[in-house]
Amino acid sequence: MVFDCNIGKDTLVLHKSIVRGVDVSSGRMIPDGTVITSQTCADALEDITKDLTDFKRSVVRANIDLVEGYIRLGEEVEGKKQVACSEVSETWRYSEMGWKYIETSRNIIEKKKE
């Protein structure tokens, strides 16, 4: 969980960690389960390793691929809605929040392409 803090570029926050009210420098690694609530602890974090940098990039790539897939799926469903609304409502149900997530994700990806 990350709350009320600044996380530097190329920093990795691992599973079940809590980071609150601090500034974490770029290129750092927050180990699994670590609780960081003081600036002294944040400043003492180790640099990220090459292996973890590669891991982080693979996770980011996988998430971008998922978002792009959801966008394509959303566009397919939108197209089907125009053809057969009742069929789509039976096979695919999006909450209003789901559509908003897809639209927000689409905007983020478009900005990255610029």
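Read the figures in this text as sums done on the coordinates, not as results from a lab. Here the structure is a predicted model, which means the values were calculated and not measured. Here Cβ is always computed from backbone atoms with ideal geometry, including for glycine, and neighbour counts include all displayed protein chains.
Rounded to the nearest 0.05, what FRET efficiency do residue 1 and residue 71 give with R0 = 30 Å and r taken as the Cβ-Cβ distance? Could you check? Taking R0 as 30 Å, the efficiency between residue 1 and residue 71 is 0.65. Between residue 49 and residue 62, the contour length at 0.36 nm per residue exceeds the Cα-Cα span by 2.7 nm. Assuming charge only on the beta carbon of Lys and Arg (+1) and of Asp and Glu (-1), the dipole of the range 2-43 about its Cα centre is about 80 debye to the nearest 20.
Computed from label points 7 Å out along Cα-Cβ, the spacing between residue 39 and residue 20 is 1.9 nm.
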